[in-house]
1. Mind listing the long-range amide H neighbours of Tyr212? Cut-off is under 5 Å, sequence gap 5 or more, other chains count too, H placed in the peptide plane at 1.01 Å from N.
2. Taking amide H positions as placed 1.01 Å from N in the peptide plane, with prolines and chain starts having none, which residues 5 or more places from Ala76, or on another chain, fall under 5 Å of its amide H?
3. Using θ = phi - 60° and the Karplus relation 6.51 cos²θ - 1.76 cosθ + 1.60, list the HN-Hα couplings for the stretch 114-131 in order, rounded to whole Hz, with x at every Gly or Pro.
4. Once both labels are modelled 7 Å past Cα along the beta-carbon direction, what's the Lys69-His134 spacing in nm?
5. Where a Cα-Cα gap under 19 Å defines reach, which aspartates and glutamates qualify for Lys133, not counting those fewer than 8 residues away within the same chain?
6. Which translational diffusion coefficient, to the nearest whole µm²/s, is obtained for the stretch 38-211 from the Stokes-Einstein equation, given a Kirkwood hydrodynamic radius over C-alpha pairs, 4 °C and 1.567 mPa s?
7. Would you list, by chain and number, the aspartates and glutamates whose Cα falls below 19 Å from the Cα of Lys69, excluding same-chain residues fewer than 8 positions away?
8. Applying the Karplus parametrisation 6.51 cos²θ - 1.76 cosθ + 1.60 with θ = phi - 60° to the phi angles of the stretch 96-109, what ³J(HN,Hα) value in whole Hz is obtained for each residue in order, glycine and proline being reported as x?
Amino acid sequence: MAAVLDTSSDPEAPLSSQDGTLSPAAGTSTALGAAITPLQAVPSPVVDSSSGTGLKPIARLTSDSRIAKIIPESDARTVLRYSSQFARDFIRSDYNFCAAKMAVARKGKVRALDTALRETSEWLSKAIAWVEKHNARELRMEYEEIELLITRPLAGSLVRCLTQYDRLWVRTLEAQLARKFSTDDAREIALANAEKRIRHIRHVCVPDNDQYAADGSRLDG
């Protein structure tokens with residue numbers, strides 16, 4: 001029987017077979033993400049194509065014209081390191097879209113995004129703690145680098161989630177190679193659950209501000 005993706009906040013969630021639906025919930029908006037230190041501006045995204053990750057270099061990010069039209073709360077930039085295919089593809093295809101939508105989010109949509117980002121980051125932290133309990137030998141991983149615009153703290157929280165995902169990707173690889181998992185598909189399930197949660201953040205970005213109630217729930221349309 002195929003494994004079912006889990007959305008539990010339990011630290012053992014990567015190996016669970018229970019199903020659930022992650023949706024924006026009411027809650028107090030919380031400042032998320034580590035502080036971003038502004039960097040010197042770089043004309044275009046930087047990728048170290050000689051790093052040996054095997055990933056295709058990112059020539060440009062999609063939705064660059066969309067993000068160029070907005071006036072962000074911040075013009076801070078940060079350099080994100082990544083080694084996984086999922087992080088590479090999300091950065092290329094979805095990051096600018098999400099950052100632009102976050103920059104213009106207001107009221108209930110801000111609360112919905114805040115909730116989705118916080119829940120995702122908390123789940124990833126627990127998943128990383130779960131896999132690190134296996135005490136697998138650390139590997140020296142090659143990585144790529146790219147500079148990203150942080151339009152507001154919400155975008156900084158998204159960068160944090162991507163960084164956490166990549167750490168989970170590395171730690172589960174280490175555990176798998178060391179044969180620390182009790183089932184062959186443990187890594188696949190853990191990463192699939194993590195990817196589902198990050199994609200949910202993009203899903204929350206899509207509706208316009210007027211599609212959200214003040215508590216962050218979606219209005220019936």
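Rule-based calculations on the coordinates, nothing more; no lab input. Treat the numbers as computed from the prediction; the structure is a model and nothing was measured. All Cβ positions, glycine included, derive from the backbone under ideal geometry; neighbour counts span all protein chains shown.
1. Here Leu219 satisfy the definition.
2. Amide H to amide H, under 5 Å and 5 or more residues apart or across chains, Ala76 pairs with Ile150.
3. Couplings: 4, 5, 4, 5, 5, 5, 5, 5, 5, 5, 5, 4, 5, 5, 5, 4, 4, 6 Hz.
4. Calculated label separation equals 4.5 nm.
5. In chain and number order, the partners are Asp10, Glu12, Glu122, Asp166, Glu174, Asp184, Asp185, Glu188.
6. 77
7. Of all the aspartates and glutamates, those that pass the test against Lys69 - Cα under 19 Å, at least 8 places apart if same chain - are Asp94, Glu147, Asp208.
8. 4, 4, 5, 5, 5, 5, 5, 5, 10, 5, 9, 6, x, 5
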